Amino acid sequence: MAQDEEAVPQSTLDHFKAIPWCASHLSDPSFRIVSLSRTLIQDGNGHSLMAETWNTDKTIKELISMYRPRDDSTGQPAELRRLYTFGTGLNAHPNLLHGGVSATILDSTMGRITVQDKPAIRSTYTVSLSITYKKPITTPSTILARSWIYKEEGRKTWVHGTLESGTGEIYATGEGLWVTVQPRL
């Protein structure tokens, strides 16, 4: 798997490679590692939730993102995958991740595919997001977040996302609409 210019810390790679089901995702040649939302801080403190507030051993201990571009010849959509390892600092109940964190993880992963799939776009914003919770996420644990675009119309992009276990069990699903910001003249 190829990596973006911004290197992912070796400790993060080692962490996920030591988890067999994560290692299989990392070794998929159709995906490349991309550096997203872990260390990126934009003007006005953009991305500070993931890069600072939730970047601790007790919250999101490790995070890595992988991207597969769309293949128009087969109709395969672009896909973003993120592996998250959670501590116990984002719990709602003992050893259970807060549902609002699950929603935020889906929002972040689903929103990012809208920009990752179209590099010329600088910003999209969530217009609507519907979450269906299937099963609680225990902590500490490692999960897979996935997202892909299923419809586009002008500045509007509809996205589907999932939070999954290493065996493919679905914790939550999301459907949402993002809008691309109009450039200022």
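The values are calculated or read from the model by the stated rules, or taken from the named source; none is laboratory data. In this text the structure is predicted, and so the values were computed from the model without any measurement. Reconstructed Cβ throughout: ideal geometry from the backbone, glycine too, with neighbour counts over all protein chains shown.
When the criteria are applied in full, residue 63 fails the requirement of being assigned to a strand (DSSP E or B), under 18 Å from residue 162 (Cβ atoms), at pLDDT 90 or above and in contact with a Cys (Cβ under 6 Å, 6 or more places away or on another chain).
Considering only region 100-108, I want to know if a residue exists there that is within 12 Å of the chain's Cα centre (by Cα) and in a strand (DSSP E or B). Looking for residues that are within 12 Å of the chain's Cα centre (by Cα) and in a strand (DSSP E or B), one finds none in region 100-108, hence no. The single condition from (1) farther than 29 Å from residue 57 by Cβ; (2) surrounded by fewer than 21 Cβ atoms within 10 Å (Cβ to Cβ); (3) in contact (Cβ under 8 Å) with a residue 40 or more places away in the chain; (4) not polar (S, T, N, Q) that residue 151 fails is (3). The sole residue among 153, 164, 79, 169 that is modelled with pLDDT under 95 and of a type outside the set (Val, Ile, Thr) is 153. Taking first residues from region 78-90 that are over 10 Å from residue 142 (Cα atoms) and partners that are acidic (Asp, Glu), the Cβ contacts under 9 Å between residues at least 6 apart in sequence or on separate chains come to 78/71; 78/117; 80/117; 81/28; 89/57. Only a single item in (1) assigned to a strand (DSSP E or B); (2) surrounded by 15 or more Cβ atoms within 10 Å (Cβ to Cβ); (3) of a type outside the set (S, T, N, Q) is not met by residue 136, and it is number (1). Residues in region 6-27 that are over 20 Å from residue 168 (Cβ atoms), touching a Lys or Arg at 6+ places or on another chain (Cβ under 9 Å) and not in a loop (DSSP other than H, G, I, E, B): 12, 15. Take region 85-103 and flag every residue that is buried (at least 22 other Cβ atoms within 10 Å of the Cβ) and not small (Gly, Ala, Ser). Listed by number, the residues that qualify are 86, 97. For residue 115, the conditions (1) loosely packed, with under 13 Cβ neighbours inside 10 Å; (2) part of a helix (DSSP H, G or I); (3) in contact with a Lys or Arg (Cβ under 9 Å, 6 or more places away or on another chain) all hold with the exception of (1). Looking across region 79-118, the residues that are closer than 25 Å to residue 27 by Cβ, out of contact with any helix residue (DSSP H, G or I) (no Cβ under 9 Å at 6 or more places or on another chain) and of a type outside the set (A, V, I, L, M) come down to 109, 112, 116, 117.
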